[in-house]
Amino acid sequence: DTEVTQTPKHLVMGMTNKKSLKCEQHMGHRAMYWYKQKAKKPPELMFVYSYEKLSINESVPSRFSPECPNSSLLNLHLHALQPEDSALYLCASSQVLGREDQPQHFGDGTRLSIL
Amino acid sequence: GNSVTQMEGPVTLSEEAFLTINCTYTATGYPSLFWYVQYPGEGLQLLLKATKADDKGSNKGFEATYRKETTSFHLEKGSVQVSDSAVYFCALSDRSSNTGKLIFGQGTTLQVKP
């Protein structure tokens, strides 16, 4: 069982919809991450939060808006997405940023389809 | 820059065969190295890790040794099972940037047949 929980598991939305992906962890981790994964490819980093503050934005389009309301929760707000945004969105957490010897723990992801 | 290269798949083996998935890396300094496994329809699970030269990570019968002299971190298992069928990712932690960014290889698909 994964210790990082993501909801929903599947999401189908139109290009004009607004939806949110949610991620929760209770391991006391202070670094949280959003990744995008296309089929048969490795995950691509989108955002990194450290102590609830945005630390890294990997030049992600503004139609993706992350939010970290507290140390256990991470949201990804979606608006006006494009068909090429269809992918598996993975959340991960690690103890703290800068402890590169500590692994990232991943959730099972949200599979997003844009119609 | 930092990079990870994995052998291309798919790798197809019969049950109980010996497995090797090659992984080599390019990095400044001394990165930490990881193997992650992704089963169909799931996220990535940490399989094993090594944080310094000559460290051996092991888990569930899988092993990998951090070889600084050959910049390699090959994954091995003595006897694979059908349940090991998955995609395996080698990754390094970008220590120099202090970003927590993981650099992934392209992934190797393993298919184990009964």
Problem set entry | Positions within region B:33-47 being in contact (Cβ under 8 Å) with a residue 24 or more places away in the chain and either under 9 Å from the mean Cα position of the chain (by Cα) or surrounded by fewer than 21 Cβ atoms within 10 Å (Cβ to Cβ) (or both), in sequence order | B:Leu33, B:Phe34, B:Trp35, B:Tyr36, B:Val37, B:Tyr39, B:Pro40, B:Leu47
Exercise. Hey, which of the strands (runs of 3 or more DSSP E) in region B:59-114, taking only ones fully inside, have at least 1 residues that are without any contact (Cβ under 8 Å) to a residue 40 or more places away in the chain?
Worked result: B:62-65
Problem set entry | Unmet criterion (only one of (1) away from chain B (no Cβ under 13 Å); (2) modelled with pLDDT of 95 or more) for A:Gly109 | (1)
Exercise. Looking at region A:11-19, is at least one residue free of Cβ contacts under 8 Å to residues at least 12 places away in the same chain, under 16 Å from the mean Cα position of the chain (by Cα) and surrounded by 13 or more Cβ atoms within 10 Å (Cβ to Cβ)?
Worked result: no
Exercise. A:Arg30: in contact (Cβ under 8 Å) with a residue 12 or more places away in the chain and in contact with a helix residue (DSSP H, G or I) (Cβ under 9 Å, 6 or more places away or on another chain), yes or no?
Worked result: no
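Those residues that are over 10 Å from the mean Cα position of the chain (by Cα), of a type outside the set (S, T, N, Q) and away from chain B (no Cβ under 11 Å), I need them from region A:32-63; list them, please.
Matches in region A:32-63: A:Lys38, A:Tyr51, A:Glu52, A:Lys53, A:Leu54, A:Val60, A:Pro61, A:Arg63.
The values are calculated or read from the model by the stated rules, or taken from the named source; none is laboratory data. The model shown is predicted, which means the values in this text are computed figures rather than measured ones. For neighbour counting, all protein chains shown are included, and Cβ atoms are generated from backbone atoms with ideal geometry for every residue, glycine included.
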